[in-house]
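Novice: There's a structure below that I have some questions on.
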Amino acid sequence: MSYRRRESPLHAAGALAGCAYCLALAAAALVLSSPLMLGAVALAVLAAAAAAGVWPELRRAALWAVPFALLIMLINALVVRDGLTVIVRLGQLPLLGYTDITLEATVYGAVLGLRAVTLILCGALYTTAVDPDQVLRLFRRVSFRSALTATIATRMVPVLIRDSRRFAEAQRCRPGAPPSRLALMRAASAGVLDRALDIAAALEVRGYGAARRPPRAREPLSRHGLAFLGSAATILVLGIVTRVAELAPFRAYPALHAPLGAATPIVAGALVACALLPFVDRRGVQG
């Protein structure tokens, strides 16, 4: 899963607006607890992925995240003893003791799993729809050396992976049992310090250590960037207002309390609409 430029408003919005948009959706998933509202956030992320042309990538991320969510629900149901409605009596279990699975613990575990899935989808949307080079340029405005450091760090990871593969191929040519992953990792990382010193020396020769901070060139926000920044601000305000005003109340313990008032579906629909409105204008998305 990696970034690839596509013809969509989110890709044309720029790194600042894209980061703000993904962070606002993730913040809404963290702030809201109602299953309906969390489902609305997850639906907004999936719909945004489809509109941005990255649906296949998010579908793969969802297929990986769903078993993780089920595991969270199972662990919460087995470990948490709160809740008044017992649905399964498992009796005495090793390490866990006397265990009763309650409806409240199961539902709250499902809510936690849905939140985890939504956060993973937000991260996948960021990875596939926000240009990492533009993100590094954003850091460059704060610190001249931070972008260079992040670039070198991300470049070193594939180098270490290639070294591990070469070591593994070389070990297969030798008789005996194949080496363990720990041995391969130790061999690949043994020369990391020497390689880092060589890169630092090469950069020093090229004058990076004596370079001055470049002048800050403020790039004007595009029409799409303003639209996604407005959408991010609206999503964040909706999430905070919904939580503070308890427009979508939810309580799992000691008994389930999730009344579906008239405001809950309205707020959920407004959140999805705000997330998708910036995709309506598709002018100027080529690039």
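Novice: Once the Cβ-Cβ distance between Ile199 and Leu43 is put in as r, and R0 is 41 Å, what FRET efficiency do you end up with, to the nearest 0.05?
Specialist: That pair, Ile199 with Leu43, gives E of 0.35.
Novice: Between Val241 and Leu70, what FRET efficiency comes out of the Förster formula 1/(1 + (r/R0)^6) with R0 = 51 Å and r the beta carbon distance, rounded to 0.05?
Specialist: The value I calculate is 0.95.
Novice: Stretched out fully, how many nm does the piece from Leu36 to Leu23 gain, at 0.36 nm a residue minus the Cα gap?
Specialist: Net length gain for the segment: 2.7 nm.
Novice: Here's a follow-up. I want to check the label-to-label distance for Cys173 and Leu84. Put each point 7 Å from Cα in the C-beta direction and report it in nm to one decimal.
Specialist: Reported label-point gap for Cys173 and Leu84 is 7.2 nm.
The numbers here are math on the coordinates, done by the rules we state, and not lab data. Quick caveat: nothing in here was measured; it's all calculated off a predicted structure. Note that each Cβ is placed from the backbone with ideal geometry, even for glycine, and that neighbours are counted across all protein chains shown.
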